[in-house]
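Chemist: The structure follows.
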Amino acid sequence: MTPKKFSEAMSELDSKYVNEAINYKKKVRKPVWVKWGAAVACLSVIFLIGMFALRTNDSSSVSIGGIVRDYKDVYVVGSESAIVWPWEYKTVAEQYTTINLNGKEYYSGGRSVDASFVSEFISTVDVMGYDDYTDQYHKITSEAYRIDGISEDHIVAVKLGEEFYPFKYNKYAPPANWGEVLDNYTPEQTLPLTQFAEYDGYEEKGYFRLNNDSYIWEVLNACRDAEFVEDDRWSESDRKYLSFTATSDALGIYKGVFNVTEDGYIWTNIFDYAYIFRIGQETADQIISYAVENGTESEAEPYNFSLAGTLTEIAEGYILIDDTVLCSDENDGMTFKVYLNDLRISRCIDFGGIGVGDIVVVYFTGNIDIDAGNVVEGAFSLSKGTIYDGGVSVPE
(Lines give C-alpha, C1' and ligand atoms only; values in the text may rest on other atoms or scores of the structure.)
Protein backbone atom coordinates (compact mmCIF):
# COMPACT_ATOMS: atom_id res chain seq x y z
CA MET A 1 0.00 0.00 0.00
CA THR A 2 1.42 3.41 -0.93
CA PRO A 3 1.87 6.15 1.65
CA LYS A 4 -0.84 8.09 -0.12
CA LYS A 5 -3.30 5.29 0.43
CA PHE A 6 -2.26 5.06 4.07
CA SER A 7 -3.03 8.73 4.42
CA GLU A 8 -6.37 8.30 2.69
CA ALA A 9 -7.21 5.48 5.06
CA MET A 10 -6.28 7.58 8.05
CA SER A 11 -8.41 10.46 6.80
CA GLU A 12 -11.37 8.14 7.31
CA LEU A 13 -10.32 7.18 10.84
CA ASP A 14 -13.38 8.60 12.52
CA SER A 15 -14.05 8.89 16.23
CA LYS A 16 -16.12 5.75 15.76
CA TYR A 17 -12.93 3.68 15.82
CA VAL A 18 -11.64 5.50 18.87
CA ASN A 19 -15.00 4.95 20.57
CA GLU A 20 -14.97 1.28 19.66
CA ALA A 21 -11.43 0.81 20.94
CA ILE A 22 -12.15 2.67 24.17
CA ASN A 23 -15.51 0.97 24.69
CA TYR A 24 -14.05 -2.51 24.30
CA LYS A 25 -13.95 -4.04 27.77
CA LYS A 26 -12.63 -7.37 28.94
CA LYS A 27 -13.71 -9.03 32.15
CA VAL A 28 -10.51 -7.84 33.84
CA ARG A 29 -11.04 -4.10 33.83
CA LYS A 30 -8.38 -1.85 32.36
CA PRO A 31 -8.23 1.94 32.14
CA VAL A 32 -9.45 3.46 28.90
CA TRP A 33 -5.97 4.61 27.96
CA VAL A 34 -4.63 1.08 28.40
CA LYS A 35 -7.33 -0.34 26.15
CA TRP A 36 -6.69 2.32 23.54
CA GLY A 37 -2.96 1.60 23.83
CA ALA A 38 -3.67 -2.01 22.95
CA ALA A 39 -5.67 -0.90 19.94
CA VAL A 40 -2.79 1.31 18.84
CA ALA A 41 -0.42 -1.63 19.07
CA CYS A 42 -2.65 -3.58 16.69
CA LEU A 43 -2.63 -0.69 14.22
CA SER A 44 0.99 0.30 14.69
CA VAL A 45 1.90 0.33 11.01
CA ILE A 46 -1.02 2.56 10.07
CA PHE A 47 -0.38 4.88 12.97
CA LEU A 48 3.33 5.19 12.32
CA ILE A 49 2.68 6.23 8.74
CA GLY A 50 -0.65 7.94 8.93
CA MET A 51 -1.66 9.13 12.37
CA PHE A 52 0.36 12.33 12.18
CA ALA A 53 -0.18 12.90 8.48
CA LEU A 54 -0.93 16.38 7.21
CA ARG A 55 -3.12 15.61 4.24
CA THR A 56 -3.59 18.24 1.55
CA ASN A 57 -5.52 18.38 -1.72
CA ASP A 58 -4.63 20.16 -4.94
CA SER A 59 -5.71 23.81 -4.91
CA SER A 60 -7.43 23.35 -1.57
CA SER A 61 -7.35 25.58 1.49
CA VAL A 62 -6.04 24.06 4.71
CA SER A 63 -6.82 25.66 8.07
CA ILE A 64 -3.85 25.43 10.45
CA GLY A 65 -3.95 27.10 13.83
CA GLY A 66 -6.37 29.79 12.74
CA ILE A 67 -4.77 30.65 9.40
CA VAL A 68 -5.55 29.34 5.92
CA ARG A 69 -2.83 27.96 3.64
CA ASP A 70 -3.03 26.82 0.01
CA TYR A 71 -1.02 23.62 -0.39
CA LYS A 72 -0.34 21.35 -3.35
CA ASP A 73 -1.28 17.68 -3.62
CA VAL A 74 1.43 16.17 -1.41
CA TYR A 75 1.56 14.30 1.86
CA VAL A 76 3.84 14.87 4.81
CA VAL A 77 4.13 12.12 7.41
CA GLY A 78 5.94 12.15 10.72
CA SER A 79 8.66 9.59 11.38
CA GLU A 80 8.00 9.00 15.08
CA SER A 81 4.89 7.77 16.87
CA ALA A 82 6.42 7.77 20.36
CA ILE A 83 9.78 8.14 22.07
CA VAL A 84 10.79 6.99 25.53
CA TRP A 85 12.84 9.97 26.63
CA PRO A 86 15.85 9.72 28.94
CA TRP A 87 15.18 10.95 32.44
CA GLU A 88 16.82 14.35 31.94
CA TYR A 89 14.70 14.98 28.85
CA LYS A 90 11.39 14.38 30.65
CA THR A 91 9.25 17.11 32.14
CA VAL A 92 8.75 16.90 35.89
CA ALA A 93 5.19 15.66 35.30
CA GLU A 94 6.54 12.88 33.08
CA GLN A 95 9.20 11.96 35.62
CA TYR A 96 7.07 11.71 38.75
CA THR A 97 3.81 9.86 38.27
CA THR A 98 2.78 7.96 41.42
CA ILE A 99 1.86 8.77 45.03
CA ASN A 100 0.49 6.79 47.95
CA LEU A 101 -2.21 8.60 49.93
CA ASN A 102 -4.16 7.02 52.79
CA GLY A 103 -3.04 3.57 51.68
CA LYS A 104 -4.13 4.00 48.05
CA GLU A 105 -2.03 4.52 44.93
CA TYR A 106 -2.78 7.51 42.74
CA TYR A 107 -1.40 7.97 39.23
CA SER A 108 -0.70 11.20 37.40
CA GLY A 109 -3.11 12.31 34.68
CA GLY A 110 -0.37 14.36 33.03
CA ARG A 111 -2.30 17.55 32.21
CA SER A 112 -1.97 20.34 34.77
CA VAL A 113 -4.86 21.61 36.92
CA ASP A 114 -5.65 25.32 36.89
CA ALA A 115 -4.48 26.73 40.25
CA SER A 116 -7.86 28.42 40.75
CA PHE A 117 -9.39 24.97 41.38
CA VAL A 118 -6.83 23.97 44.03
CA SER A 119 -8.07 24.31 47.61
CA GLU A 120 -7.05 22.89 51.02
CA PHE A 121 -3.74 21.24 51.77
CA ILE A 122 -4.11 17.49 52.49
CA SER A 123 -0.66 16.24 53.36
CA THR A 124 2.96 15.92 52.35
CA VAL A 125 3.51 12.96 50.01
CA ASP A 126 6.36 11.06 48.36
CA VAL A 127 6.08 11.26 44.58
CA MET A 128 7.70 8.34 42.75
CA GLY A 129 9.12 8.14 39.26
CA TYR A 130 10.78 5.43 37.16
CA ASP A 131 13.71 5.83 34.75
CA ASP A 132 13.33 3.36 31.88
CA TYR A 133 16.95 3.81 30.78
CA THR A 134 18.65 3.08 34.11
CA ASP A 135 15.93 0.87 35.62
CA GLN A 136 15.91 3.06 38.73
CA TYR A 137 13.20 4.65 40.83
CA HIS A 138 13.33 8.31 41.89
CA LYS A 139 11.51 10.04 44.73
CA ILE A 140 10.74 13.63 45.68
CA THR A 141 8.64 15.07 48.48
CA SER A 142 5.77 17.35 47.60
CA GLU A 143 2.30 18.44 48.76
CA ALA A 144 -1.13 17.07 47.90
CA TYR A 145 -4.18 19.35 47.82
CA ARG A 146 -7.92 18.99 47.38
CA ILE A 147 -9.50 20.15 44.13
CA ASP A 148 -12.66 22.22 44.51
CA GLY A 149 -15.75 20.09 43.99
CA ILE A 150 -13.86 16.80 43.70
CA SER A 151 -13.61 14.08 46.32
CA GLU A 152 -10.04 13.42 47.45
CA ASP A 153 -10.89 9.72 47.36
CA HIS A 154 -10.79 10.01 43.57
CA ILE A 155 -8.52 12.88 42.45
CA VAL A 156 -6.04 15.14 44.24
CA ALA A 157 -3.72 17.88 43.00
CA VAL A 158 0.01 17.44 43.57
CA LYS A 159 2.42 20.32 43.18
CA LEU A 160 5.30 19.55 40.82
CA GLY A 161 7.52 22.52 40.19
CA GLU A 162 5.28 25.56 39.81
CA GLU A 163 2.26 23.62 38.52
CA PHE A 164 -0.43 21.39 40.03
CA TYR A 165 -1.18 18.03 38.44
CA PRO A 166 -4.14 15.67 38.96
CA PHE A 167 -3.34 12.31 40.51
CA LYS A 168 -6.17 9.80 40.19
CA TYR A 169 -7.07 6.74 42.20
CA ASN A 170 -7.10 4.37 39.29
CA LYS A 171 -8.80 1.27 40.68
CA TYR A 172 -11.85 0.14 38.73
CA ALA A 173 -14.75 0.79 41.10
CA PRO A 174 -17.73 2.09 39.12
CA PRO A 175 -20.42 4.11 40.89
CA ALA A 176 -23.80 2.54 41.52
CA ASN A 177 -25.57 5.46 39.86
CA TRP A 178 -25.12 8.90 38.35
CA GLY A 179 -25.75 10.53 41.71
CA GLU A 180 -22.41 9.25 42.99
CA VAL A 181 -20.69 10.97 40.08
CA LEU A 182 -22.47 14.23 40.93
CA ASP A 183 -21.36 13.93 44.56
CA ASN A 184 -17.75 12.96 43.87
CA TYR A 185 -16.91 15.23 40.93
CA THR A 186 -19.47 18.09 40.92
CA PRO A 187 -19.38 18.05 37.09
CA GLU A 188 -21.74 21.04 36.87
CA GLN A 189 -18.80 23.13 38.14
CA THR A 190 -15.90 21.18 36.72
CA LEU A 191 -17.02 19.91 33.29
CA PRO A 192 -18.32 22.40 30.67
CA LEU A 193 -20.59 20.87 28.02
CA THR A 194 -20.69 23.51 25.30
CA GLN A 195 -19.08 21.99 22.20
CA PHE A 196 -20.78 19.00 20.61
CA ALA A 197 -21.21 16.97 17.44
CA GLU A 198 -24.39 15.25 16.24
CA TYR A 199 -24.13 11.61 15.14
CA ASP A 200 -26.33 9.00 13.54
CA GLY A 201 -24.46 5.80 14.29
CA TYR A 202 -20.93 6.71 13.25
CA GLU A 203 -22.00 9.28 10.67
CA GLU A 204 -21.26 12.86 11.66
CA LYS A 205 -24.18 15.22 11.09
CA GLY A 206 -22.57 18.50 12.15
CA TYR A 207 -20.68 20.44 14.80
CA PHE A 208 -22.27 22.93 17.18
CA ARG A 209 -21.58 25.19 20.16
CA LEU A 210 -23.75 26.24 23.10
CA ASN A 211 -23.34 29.56 24.88
CA ASN A 212 -24.69 28.13 28.12
CA ASP A 213 -24.91 24.58 29.47
CA SER A 214 -26.82 25.38 32.69
CA TYR A 215 -30.06 23.76 31.46
CA ILE A 216 -28.22 20.55 30.53
CA TRP A 217 -26.81 20.30 34.04
CA GLU A 218 -30.19 21.12 35.53
CA VAL A 219 -31.58 18.07 33.72
CA LEU A 220 -28.60 15.87 34.61
CA ASN A 221 -28.74 16.88 38.28
CA ALA A 222 -32.34 15.70 38.39
CA CYS A 223 -31.53 12.12 37.39
CA ARG A 224 -29.38 11.05 40.33
CA ASP A 225 -30.92 7.56 40.32
CA ALA A 226 -29.76 6.80 36.76
CA GLU A 227 -28.14 3.40 37.16
CA PHE A 228 -24.66 2.40 36.08
CA VAL A 229 -24.83 -0.10 33.21
CA GLU A 230 -22.40 -3.03 33.07
CA ASP A 231 -22.68 -4.23 29.48
CA ASP A 232 -19.64 -5.36 27.48
CA ARG A 233 -21.72 -5.52 24.29
CA TRP A 234 -23.04 -1.95 24.50
CA SER A 235 -22.23 0.08 21.38
CA GLU A 236 -23.18 3.39 19.75
CA SER A 237 -23.01 1.95 16.25
CA ASP A 238 -26.80 1.81 15.80
CA ARG A 239 -27.75 4.82 17.94
CA LYS A 240 -28.31 8.52 17.39
CA TYR A 241 -26.52 10.71 19.90
CA LEU A 242 -24.80 13.97 20.74
CA SER A 243 -21.11 13.79 21.53
CA PHE A 244 -19.92 16.60 23.80
CA THR A 245 -16.25 17.51 23.96
CA ALA A 246 -15.22 17.04 27.58
CA THR A 247 -12.31 19.27 28.55
CA SER A 248 -11.85 20.17 32.22
CA ASP A 249 -9.09 22.16 33.89
CA ALA A 250 -10.26 20.82 37.24
CA LEU A 251 -10.30 17.14 36.27
CA GLY A 252 -7.17 17.38 34.12
CA ILE A 253 -9.10 16.14 31.08
CA TYR A 254 -8.34 17.25 27.53
CA LYS A 255 -10.99 16.56 24.90
CA GLY A 256 -12.57 13.48 26.40
CA VAL A 257 -16.04 12.30 25.38
CA PHE A 258 -19.45 12.75 27.00
CA ASN A 259 -22.19 11.23 24.83
CA VAL A 260 -25.97 11.39 25.28
CA THR A 261 -27.87 8.86 23.17
CA GLU A 262 -31.37 9.29 21.82
CA ASP A 263 -32.50 6.04 23.45
CA GLY A 264 -31.54 7.24 26.93
CA TYR A 265 -27.91 6.62 27.86
CA ILE A 266 -24.81 8.56 28.90
CA TRP A 267 -21.48 7.16 27.70
CA THR A 268 -18.28 8.84 28.89
CA ASN A 269 -14.55 8.19 29.25
CA ILE A 270 -13.77 11.14 31.55
CA PHE A 271 -13.01 8.80 34.48
CA ASP A 272 -10.35 6.82 32.52
CA TYR A 273 -12.76 3.91 32.35
CA ALA A 274 -15.72 3.79 29.97
CA TYR A 275 -18.83 4.39 32.08
CA ILE A 276 -22.44 4.02 30.92
CA PHE A 277 -25.55 5.30 32.72
CA ARG A 278 -29.20 4.75 31.82
CA ILE A 279 -30.90 8.17 32.15
CA GLY A 280 -34.02 7.26 30.15
CA GLN A 281 -35.37 8.48 26.81
CA GLU A 282 -37.34 11.38 28.27
CA THR A 283 -34.31 12.84 30.02
CA ALA A 284 -32.09 12.28 26.98
CA ASP A 285 -34.68 13.97 24.77
CA GLN A 286 -34.69 17.04 27.01
CA ILE A 287 -30.92 17.36 26.68
CA ILE A 288 -30.76 16.64 22.96
CA SER A 289 -33.69 18.89 22.08
CA TYR A 290 -32.25 21.79 24.05
CA ALA A 291 -28.80 21.41 22.52
CA VAL A 292 -30.09 21.11 18.95
CA GLU A 293 -32.46 24.06 19.32
CA ASN A 294 -29.91 26.34 21.00
CA GLY A 295 -26.63 25.24 19.45
CA THR A 296 -25.03 27.33 16.72
CA GLU A 297 -23.16 25.66 13.90
CA SER A 298 -19.37 25.62 14.32
CA GLU A 299 -16.28 24.00 12.88
CA ALA A 300 -14.96 20.68 14.10
CA GLU A 301 -12.40 20.96 16.89
CA PRO A 302 -9.25 18.97 16.02
CA TYR A 303 -7.51 17.20 18.86
CA ASN A 304 -4.44 19.19 17.90
CA PHE A 305 -2.94 20.95 14.88
CA SER A 306 0.06 20.01 12.76
CA LEU A 307 2.32 22.24 10.69
CA ALA A 308 4.95 20.95 8.27
CA GLY A 309 7.84 22.49 6.39
CA THR A 310 11.60 22.82 6.12
CA LEU A 311 13.58 23.57 9.26
CA THR A 312 15.61 26.63 8.17
CA GLU A 313 17.18 27.84 11.40
CA ILE A 314 17.98 26.67 14.91
CA ALA A 315 18.65 29.77 16.99
CA GLU A 316 19.09 30.48 20.68
CA GLY A 317 15.59 29.91 22.04
CA TYR A 318 13.64 29.20 18.86
CA ILE A 319 13.52 27.43 15.49
CA LEU A 320 12.15 28.58 12.13
CA ILE A 321 10.06 26.41 9.81
CA ASP A 322 9.35 27.41 6.19
CA ASP A 323 6.33 25.81 4.47
CA THR A 324 7.28 26.89 0.90
CA VAL A 325 7.87 23.27 -0.11
CA LEU A 326 4.16 22.56 0.43
CA CYS A 327 2.71 25.63 -1.25
CA SER A 328 0.90 25.55 -4.59
CA ASP A 329 2.77 28.78 -5.40
CA GLU A 330 6.23 28.91 -3.85
CA ASN A 331 5.93 32.69 -3.61
CA ASP A 332 3.24 32.10 -0.96
CA GLY A 333 5.60 30.39 1.46
CA MET A 334 5.59 31.51 5.09
CA THR A 335 8.14 31.17 7.88
CA PHE A 336 6.90 30.13 11.32
CA LYS A 337 8.62 30.52 14.67
CA VAL A 338 8.50 27.84 17.37
CA TYR A 339 10.00 28.71 20.74
CA LEU A 340 12.20 26.17 22.52
CA ASN A 341 11.24 27.20 26.06
CA ASP A 342 9.11 24.05 26.35
CA LEU A 343 11.26 20.97 27.04
CA ARG A 344 8.90 18.88 24.94
CA ILE A 345 10.09 20.80 21.87
CA SER A 346 13.72 21.54 22.78
CA ARG A 347 14.39 17.86 23.48
CA CYS A 348 13.32 17.00 19.93
CA ILE A 349 16.17 19.17 18.69
CA ASP A 350 18.74 18.16 21.31
CA PHE A 351 18.00 14.45 21.44
CA GLY A 352 15.84 13.70 18.39
CA GLY A 353 18.53 14.13 15.74
CA ILE A 354 16.69 16.90 13.89
CA GLY A 355 18.74 19.49 12.01
CA VAL A 356 18.57 22.40 9.60
CA GLY A 357 17.33 21.31 6.18
CA ASP A 358 15.12 18.52 7.53
CA ILE A 359 11.44 18.34 6.70
CA VAL A 360 9.69 18.49 10.07
CA VAL A 361 6.18 18.27 11.47
CA VAL A 362 5.32 20.25 14.61
CA TYR A 363 2.22 19.44 16.65
CA PHE A 364 0.49 22.17 18.64
CA THR A 365 -2.76 22.99 20.43
CA GLY A 366 -2.94 26.78 20.20
CA ASN A 367 -3.07 29.24 17.32
CA ILE A 368 -0.53 30.90 15.07
CA ASP A 369 0.07 34.47 16.21
CA ILE A 370 0.70 36.39 12.99
CA ASP A 371 1.19 39.73 14.75
CA ALA A 372 4.02 38.26 16.85
CA GLY A 373 5.84 36.96 13.75
CA ASN A 374 3.91 33.78 12.92
CA VAL A 375 4.57 32.28 16.35
CA VAL A 376 3.20 28.76 16.81
CA GLU A 377 1.48 28.64 20.21
CA GLY A 378 1.14 25.51 22.33
CA ALA A 379 3.73 23.41 20.46
CA PHE A 380 4.31 20.11 22.27
CA SER A 381 6.08 17.77 19.84
CA LEU A 382 8.33 17.83 16.77
CA SER A 383 9.40 15.05 14.45
CA LYS A 384 11.17 14.52 11.15
CA GLY A 385 8.85 14.28 8.18
CA THR A 386 8.88 12.88 4.67
CA ILE A 387 7.06 14.39 1.71
CA TYR A 388 5.24 12.04 -0.60
CA ASP A 389 3.92 12.99 -4.02
CA GLY A 390 1.79 10.36 -5.72
CA GLY A 391 3.14 7.73 -3.34
CA VAL A 392 6.79 8.55 -4.09
CA SER A 393 9.23 9.94 -1.54
CA VAL A 394 10.43 13.36 -2.60
CA PRO A 395 14.01 14.11 -1.46
CA GLU A 396 14.46 17.65 -0.16
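Chemist: Do any chymotrypsin sites (Phe, Trp or Tyr not before Pro) in the stretch 231-268 lie in a DSSP loop with no more than 16 other beta carbon atoms within 10 Å, and if so, which?
Modeler: Of the chymotrypsin sites (Phe, Trp or Tyr not before Pro), the ones in loops of the stretch 231-268 whose Cβ has at most 16 other Cβ atoms within 10 Å are Trp234.
Chemist: May I pose another question? Taking a ≥ b ≥ c as the square roots of the eigenvalues of the Cα gyration tensor of the stretch 259-301, is the shape rounded (a/c under 1.5), prolate (a/b larger than b/c) or oblate?
Modeler: Since a/c reaches 1.5 but b/c is at least a/b, the shape of the stretch 259-301 is classed as oblate.
Chemist: How high is the relative contact order of the stretch 301-396, in percent, with contacts defined as C-alpha pairs under 8 Å that are six or more residues apart?
Modeler: Relative contact order of the stretch 301-396: 27 percent.
Chemist: State in Å² the accessible area per residue of the stretch 292-351; use a 1.4 Å probe, count heavy atoms of protein chains only, and round to the nearest integer.
Modeler: On a per-residue basis, 54 Å².
Chemist: Can you tell me the relative contact order of the stretch 125-223? Whole percent, Cα pairs under 8 Å, sequence separation 6 or more.
Modeler: 16
Chemist: What number, in percent, do you get for the relative contact order of the stretch 253-298 if the mean sequence gap of Cα pairs under 8 Å and at least 6 apart is divided by its residue count?
Modeler: Over the stretch 253-298, the number comes to 30 percent.
Chemist: I've got another one for you. Using unit Cβ charges (K, R positive; D, E negative) and no other charged atoms, how large, in debye to the nearest 20, is the dipole of the stretch 190-270 about its Cα centre?
Modeler: Computed charge dipole of the stretch 190-270: roughly 340 debye.
Chemist: Write out the GluC sites (Glu not before Pro) in the stretch 297-366 meeting two conditions: DSSP loop, and at most 15 other Cβ atoms within 10 Å of their Cβ.
Modeler: Glu299, Glu316
Chemist: How do Val158, Val92 rank by accessible surface area computed with a 1.4 Å probe, from largest to smallest?
Modeler: Val92, Val158
Chemist: Continuing with this model, one more query. Given Cβ point charges of +1 (Lys, Arg) and -1 (Asp, Glu) and nothing else, what value in debye, to the nearest 20, does the dipole of the stretch 78-230 about its Cα centre take?
Modeler: The calculation lands at about 280 debye.
Chemist: Which three extents, in angstrom, do the Cα atoms of the stretch 290-338 have along their principal axes, listed largest first?
Modeler: In descending order, the Cα extents are 52, 30, 12 Å.
Chemist: Going highest first, how would you order 247-253, 119-125, 352-358, 342-348 by mean Cβ packing within 10 Å?
Modeler: Answer by packing, highest mean first, reads 247-253, 342-348, 352-358, 119-125.
Chemist: Quick check on the stretch 70-170: take the gyration tensor over C-alpha atoms, sort the square-rooted eigenvalues as a ≥ b ≥ c, and tell me if it's rounded (a/c under 1.5), prolate or oblate.
Modeler: oblate
Chemist: Compare Tyr388, Tyr130 by solvent-accessible area with a 1.4 Å probe and give them largest first, with all protein chains kept in place.
Modeler: Sorted descending by solvent-accessible area, the residues read Tyr130, Tyr388.
Chemist: Gap in Å between the Cα centre of the stretch 185-226 and the Cα centre of the stretch 356-372?
Modeler: Using only Cα atoms, the two centres lie 33 Å from each other.
Chemist: Still on this structure, I have one more. Run the quick spin-label model on Ser235 and Asp329: label points 7 Å from Cα toward the beta carbon, then report their separation in nm to one decimal.
Modeler: 4.9
Chemist: Is the shape of the stretch 203-263 rounded, prolate or oblate, going by the alpha carbon gyration tensor and its root eigenvalues a ≥ b ≥ c, with a/c under 1.5 for rounded and a/b larger than b/c for prolate?
Modeler: rounded
Chemist: Only sites in a loop by DSSP and with at most 14 other Cβ atoms within 10 Å count here; which trypsin sites (Lys or Arg not before Pro) in the stretch 149-198 make the cut?
Modeler: Answer in residue order: Lys171.
Chemist: With a 1.4 Å probe and all protein chains kept in place, how do Glu162, Glu230 rank by accessible area, largest first?
Modeler: So, going from the largest accessible area down, we get Glu162, Glu230.
Chemist: While we're here: May I ask you to derive the FRET efficiency for Ala115 and Ile314 from their Cβ-Cβ distance with R0 = 35 Å, giving the value to the nearest 0.05?
Modeler: Taking R0 as 35 Å, the efficiency between Ala115 and Ile314 is 0.55.
Chemist: Would you mind getting me the FRET efficiency between Thr124 and Tyr172? Use the beta-carbon distance for r and R0 = 30 Å, nearest 0.05.
Modeler: Computed FRET efficiency for Thr124 and Tyr172 comes out at 0.60.
Chemist: Report the one residue of Leu326, Tyr303, Gly353 whose Cα lies farthest in the direction of the positive end of the charge dipole of the stretch 269-359 (charges on C-beta: Lys and Arg +1, Asp and Glu -1; origin at the Cα centre).
Modeler: Working it through, the farthest residue towards the positive pole turns out to be Gly353.
The values are calculated or read from the model by the stated rules, or taken from the named source; none is laboratory data. These numbers come from a predicted model, not from an experiment. Positions of Cβ are generated from backbone atoms using ideal geometry, with glycine treated the same way; all protein chains shown enter the neighbour counts. Surface areas here come from the heavy atoms of the whole protein model, side chains and all, with no ligands, DNA or RNA. Shrake-Rupley method; radii C 1.70, N 1.55, O 1.52, S 1.80 Å.
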